[in-house]
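J.: Sharing a structure, written as structure tokens. Questions coming.
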Amino acid sequence: MEKIIEAMNVSYIYQTKYQKTKALSEVSCSFERGKVYAITGKSGSGKSTFLSLLAGLDVPTEGTLSIEGQDIRKMNRDAYRLNRASVIYQAFHLFPLLTVLENVMFPMELQHVPKKEAKARAQEYLKKVDLPETLYKKRPNMISGGEQQRVAIARAIASGGEILLADEPTGNLDSQNEKVIVELLCKLAHEDNYAVIVVTHNEAVAAAADVVYGMSDGVLSVVRE
Amino acid sequence: MKNYLKQMCRTPLQLLLMIVLIMIVTVMLVVGGNLWVTSDRLSKTYEDDFITIGTVTQKPDTVAETEKWDAEKQDFTFRKVSRYNHYATVEDLNFPEVSYLAGPEKRNYWGSYVPEYVREDDLREYKDFVIVAEFSPLEDCMPDESVKIKITKVLGESKTLEGFVGWFCDHYNRYPEELKADKTYVARIQQRGWTHGSRWEESGKEYPELEYYPEEVTPTLYTPEGERIEDTLGMQGIYEVTEGFYETAAGKRLLAVANDASLYYDTQPVLGTNSTDLLMPFYEGSAWVYEGRYPTKEEYAEGSPVCLAPRGFAENNGLSVGDKVMTRLYYTCPADEAEWNFMITGGGSYGFSFLGSDGEPLSPFEEKAYTIVGLYDYTPAVRGLGREELIVPINSVEKKTENIVQYGAMADGSTSFQIENGTVADFLEISAKYGADNLIFTFYDRGYAALTEGIRNLKNMSAALFTMGLIGAVILTLQISHIYITKQKKRLSIERLLGMSGKKCGRICLTGILLLLLLGTVPGVAAGMALSDRVNVEDTGEEKFNRKYSNLGMSAETEIDLSGQNQNDPAVSCMMGALVLVLGMGISGVRLRNILSGEPLYLLEEGARNGKNH
């Protein structure tokens, strides 16, 4: 399998006026297309910080994080998030004033995809996440949590990127919806060749992953490969 | 952008409220700014139009009572007379901290003997009111009441009254001497009072007639310090004409006096000043130059031989601007204004003699030709000007204190100065500090104090409005940036996580806020301009500022037209609108920078912890 992300001795230090905190310590790992990765660990272990670096929201203090061989420091990270990596959140973070369809069209608007084409593609992505067509014109607060997370996943893949980053994607869902979302993420990895990286506490989610990393005090270790 | 605008419109009432509030603070700023500019403009425009002058009156040190016998009442009449231990001089007004714009000056008027000019009012018509004449009573009598006399000889120019039989009384003499019908007497007599006494009653006449009184013939000269020069001759009122009488000192004095009245007939008053603004008739506008110009400051300072001539005098003598007019000054009068001796309405009287200390008629001490630079006219009811009075720079007269025929203390009509507008209170404080308690100052400002009070109110109001508007604008823009930026940080974080650049996020936010601000400021500026017009006019009370509240009350031009000053300044209004925009955009920009510099995931987590919606 082709490595899409590679971390080499990545460290990250939060620096405030009064103190420095090492959130990540010499993390080295790689992520490939077509696989689901789970990063588990306690709160404050550094997993969300690592996800933030993977999303290009920040850069490592030390070490190298490369995307297909290119150092993320040298990349336009806004363009990276827009075109290659998308993030899914526990709280869904959909735009409440936009309809389900408009939420999915939003990344394509940023990419200047013509509206008609964006609409067609958005409908296609919503079908992919098995959202009934009757919900397309509804506002997010009118549909269930599981449905909202499916819309969030559809929005994530709408940008056309190959990296899906998920921060506790099932944290707000019941077990039935949790199962649906996990299956959906696995399907996207295995059938559509996405590299899916999930940060989770949830053992069931971790169990569904192809590779499981554990994070403790900023140190990453392989739990299951 | 669409997303952001939708977000803004999500709470339409809140949005509308914000727009209305922006409009209100903009109106306050525009009105405040315009009022400030208008009041400032008013101050500057009319500063020069106002002149503040002060007049000075010296308080008497004591008031004495003088007695004078009245033959009609057969009793003394009493009159209160002001007494001064020391006459204040202009040097007493030279307070170091006060910078006078003109003066101070204690004006003299001089008598100029100019028989060559045609006079508007020929005083010779009154020549028989005062004469030196020989007379005899028709019968032996005591002149303590009206008695009949026959004028046998007039010693002056006019002989009209020779042979005249009229009434006579040694009116003011407590102990008159008996007059004998077979004797001839000589006296300076003046037609002054009304007949009285038994002889008059016996005459059966229905109405009183004028009678002659004898008058003293003594010089009335003063030193420059105000000391009366004693007359060593000791003249009496009535003399018996005896052989060789006219060879005596008293006889010679009477012969001299017989012709001195002709001096008066040909006298023109000449007033010296440092500025016509210090002369009340010119200050208040009841006198004005209608042709030519006023003397310049330099001409006043240098004492140039230039003058302002009155219309009647110029017309009667064919004089116009540029012509020269001759003066021969022969007496100085620092006491009364010329208007008492040369009344505008005609006639006049004088309480002094035209005799020198040698008992001879006064003779000119300074002769000069003045160039007429302006011709002036005056209203019929003018006060403070003598008839046909020439006005010259005070410094043009070299011998300012020669032949002082009458002396007086500083008075409103003769002593004045000009100070800067708005400094009256300072002046009074300073004058009190220097102990000028014996002087009474009266100020005239043409309504400057009233207008500046109005302008000050306008400025205070504008400052209050501007301050409230500014504080309101700051609070409001802080609130707007809180609602539309701080409370949107989750949405902004999601957009950034979805790949929207921070710059683009910021641009969209600021564009939205700019639109919101424009929706409030544009109508706010328009409404503010409309309101400013109304407030300007209403605050000053009327479009024309009336000077009737000045100390003066009378003026040729009592109103100042303010209507032209009520115009709003569009630039100021636009600046106030721009101020709201800049403030709003500045505060929003700072808030936005803080939000965008935060880590999006952290902001999302923070939002989730706070349970806030995006």
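J.: Count charges around A:Val27 for me, please; just the other residues with Cβ under 13 Å from its Cβ, Lys/Arg as +1, Asp/Glu as -1.
T.: On the way: positive: A:Lys22, A:Lys47; negative: A:Glu6, A:Glu26, A:Glu62, A:Asp217.
Summing Lys and Arg as +1 and Asp and Glu as -1 gives -2.
J.: How charged is the neighbourhood of A:Val104? Take every other residue with its Cβ under 15 Å from the Cβ of A:Val104, and add Lys/Arg as +1 and Asp/Glu as -1.
T.: On the way: positive: A:Lys115, A:Lys116, A:Lys119, A:Arg121, A:Lys127, A:Lys128, A:Lys137, A:Lys138, A:Arg139, A:Arg150, A:Arg155; negative: A:Glu102, A:Glu109, A:Glu117, A:Glu124, A:Asp130, A:Glu133, A:Glu147, B:Glu495.
Here the charged neighbours net out to +3.
J.: Further question on the same structure: How do B:364-370, B:263-269 rank on mean C-beta neighbours within 10 Å, highest first?
T.: Details: B:364-370: 16.7, B:263-269: 21.1.
In descending order of packing, they fall as B:263-269, B:364-370.
J.: Here is a further query. Mind checking which lysines have their Cα closer than 29 Å to the Cα of B:Lys153? Skip sequence neighbours fewer than 8 apart in that chain.
T.: Partners within reach: B:Lys127, B:Lys180, B:Lys183, B:Lys205, B:Lys252.
J.: What are the ³J(HN,Hα) values, in whole Hz, obtained from phi via the Karplus relation 6.51 cos²θ - 1.76 cosθ + 1.60 with θ = phi - 60°, for each residue of the range A:88-104 in sequence order, with x given for Gly and Pro?
T.: 10, 10, 4, 8, 6, 6, 8, 7, x, 8, 9, 6, 3, 5, 5, 4, 6
J.: By DSSP, what percent of the beta bridges with both residues in chain A are antiparallel, rounded to the nearest 5? Intermediate values should be presented prior to the final figure.
T.: Numbers: 21 of 41 bridges.
DSSP beta bridges in chain A are roughly 50 percent antiparallel.
J.: Among A:Phe31, B:Phe342, which comes first, second and so on when ranked by fewest other beta-carbon atoms within 10 Å? Display every interim value, and only then the final one.
T.: Numbers: A:Phe31 21, B:Phe342 27.
Exposure proxy ranking, most exposed first: A:Phe31, B:Phe342.
J.: So, one more: Semi-axes of the range B:115-265's equivalent ellipsoid from the Cα gyration tensor, sqrt of 5 times each eigenvalue, largest first, rounded to whole Å? Walk me through the numbers before you get to the answer.
T.: On the way: eigenvalues 139, 81, 52 Å².
Those come to 26, 20, 16 Å.
J.: Express in whole angstrom the spacing between the alpha-carbon centres of the range B:149-203 and the range B:228-303.
T.: One Cα centre to the other: 28 Å.
J.: If a paramagnetic tag sat 7 Å from the Cα of B:Lys433 along the Cα-Cβ line, which residues of the range B:85-124 would have the backbone N under 15 Å from that point?
T.: Of the residues in the range B:85-124, B:94-100 have backbone N under 15 Å from the label point off B:Lys433.
J.: Quick one: which of A:76-83, A:33-40 comes out on top by average Cβ neighbours within 10 Å, and what's the full order, highest first? Write down the numbers at each step before the final one.
T.: Working: A:76-83: 18.6, A:33-40: 21.9.
Going from most to least packed, we get A:33-40, A:76-83.
J.: Hey, what number do you get for chain B at 222 nm if only DSSP H runs of n ≥ 4 count, each worth -39500 (n - 2.57), divided across all residues, to the nearest 500? Write down the numbers at each step before the final one.
T.: Working: 15 runs with 218 residues, N = 614.
When only DSSP H runs of four or more count, the value is -11500 deg cm²/dmol.
J.: Also, quick follow-up: Tell me, what is the FRET efficiency for B:Arg192 and B:Gln74 to the nearest 0.05, using R0 = 25 angstrom and their Cβ-Cβ distance as r? Kindly include the intermediate steps, with their values, before the conclusion.
T.: On the way: r = 18 Å, r/R0 = 0.73.
Using R0 = 25 Å, I get an efficiency of 0.85.
J.: With each label point set 7 Å from Cα along the Cα-Cβ vector, what nm distance links B:Arg174 and B:Met142?
T.: Label at B:Arg174, label at B:Met142, 1.6 nm between them.
J.: Mind putting a number on the dipole of chain B about its Cα centre? Charges go on the C-beta only, +1 for Lys and Arg and -1 for Asp and Glu, and I need it in Debye to the nearest 20.
T.: Values: 60 positive and 87 negative charges, 1435 e Å.
So the dipole magnitude of chain B works out to roughly 6900 debye.
J.: Under the Karplus relation 6.51 cos²θ - 1.76 cosθ + 1.60, θ = phi - 60°, what is the ordered set of whole-Hz ³J(HN,Hα) values for the range A:130-146, x standing for Gly and Pro?
T.: 6, 8, x, 5, 5, 8, 4, 9, 8, 7, x, 6, 9, 10, 6, x, x
J.: Compute, for the range B:124-262, the length of the dipole vector about the Cα centre, with Cβ point charges of +1 (Lys, Arg) and -1 (Asp, Glu) only. Units Debye, rounded to 20. Let's see the in-between values first.
T.: Numbers: 16 positive and 28 negative charges, 76 e Å.
Result for the range B:124-262 is approximately 360 debye, rounded to the nearest 20.
J.: How crowded by other chains is A:165-172, given as the mean number of beta carbons from other chains within 10 Å of each beta carbon?
T.: Details: counts 1, 0, 3, 0, 0, 0, 0, 1.
Rounded to a whole number, the mean comes out at 1.
J.: Output the peptides B:446-455, A:164-173 sorted from most to least packed, where packing is the average of other Cβ atoms within 10 Å over each peptide's residues. Could the numbers behind the result be given before it?
T.: Values: B:446-455: 20.5, A:164-173: 23.2.
So the order, starting with the most tightly packed, is A:164-173, B:446-455.
J.: Now, a different point. Taking every DSSP beta bridge with both residues inside the protein assembly as shown, roughly what % is antiparallel (nearest 5)?
T.: Values: 95 of 127 bridges.
The answer is about 75 percent antiparallel.
J.: If you consider only alpha-carbon coordinates, what radius of gyration and Dmax does the range B:193-271 have, in Å?
T.: 18.0, 53
J.: What is the mean number of Cβ atoms from other protein chains located within 10 Å of the Cβ atom of each residue in peptide A:74-87, rounded to a whole number?
T.: On the way: counts 0, 0, 2, 2, 9, 2, 1, 7, 5, 1, 1, 2, 3, 7.
So the per-residue partner count for this stretch is 3.
J.: What ranking of A:Leu53, B:Leu5 emerges when the number of other C-beta atoms within 10 Å of each C-beta is taken as an exposure proxy, fewest first?
T.: Working: A:Leu53 23, B:Leu5 15.
Least crowded to most crowded, the residues run B:Leu5, A:Leu53.
J.: Order these by the 10 Å Cβ neighbour count, fewest first: A:Phe92, B:Phe76. Let's see the in-between values first.
T.: Numbers: A:Phe92 22, B:Phe76 12.
Lowest count first: B:Phe76, A:Phe92.
J.: Restricting to Cα atoms and excluding each atom paired with itself, what does the Kirkwood estimate give for chain B in Å?
T.: Working: mean 1/r = 0.0321 Å⁻¹.
Here the Kirkwood hydrodynamic radius works out to 31.1 Å.
J.: Quantify how strongly other chains surround peptide B:488-496 by giving the mean number of their Cβ atoms within 10 Å of each of its Cβ atoms. Intermediate results must be reported in sequence, preceding the final value.
T.: Working: counts 0, 0, 2, 4, 0, 2, 9, 4, 3.
Other-chain Cβ atoms within 10 Å of each residue's Cβ, averaged: 3.
J.: The range B:64-118 to the range B:371-418: how many Å between their Cα centroids?
T.: Between the Cα centres of the range B:64-118 and the range B:371-418 lies a distance of 14 Å.
J.: Oh, and also: May I ask for the net charge around A:Gly160, where only other residues with Cβ less than 10 Å from the Cβ of A:Gly160 are counted and Lys, Arg are +1 while Asp, Glu are -1? Present the calculation step by step, with values, prior to reporting the outcome.
T.: On the way: positive: A:Arg84, A:Arg121; negative: A:Glu162.
Once all neighbours under 10 Å are counted, the net charge is +1.
J.: Among the listed pairs A:Lys3/B:Lys490; A:Lys74/A:Lys128; A:Lys20/B:Lys487; A:Lys116/B:Lys6; B:Lys106/B:Lys433, which are separated by more than 25 Å between their Cα atoms?
T.: Working: A:Lys3/B:Lys490 33 Å; A:Lys74/A:Lys128 34 Å; A:Lys20/B:Lys487 29 Å; A:Lys116/B:Lys6 21 Å; B:Lys106/B:Lys433 22 Å.
Check vs 25 Å cut-off fails for A:Lys3/B:Lys490; A:Lys74/A:Lys128; A:Lys20/B:Lys487.
J.: Taking Cα atoms of chain A, Rg/Rh with Kirkwood Rh, to two decimals?
T.: Numbers: Rg = 17.3 Å, Rh = 17.8 Å.
On the Cα set of chain A, Rg over Rh gives 0.97.
Bear in mind that the values in this text are calculations on the coordinates, not laboratory data. Since the model is a prediction, treat every value here as computed from it, not as a measurement. A quick note on method: Cβ atoms are made from the backbone with ideal geometry, for glycine too, and the neighbour counts reach across all protein chains shown.
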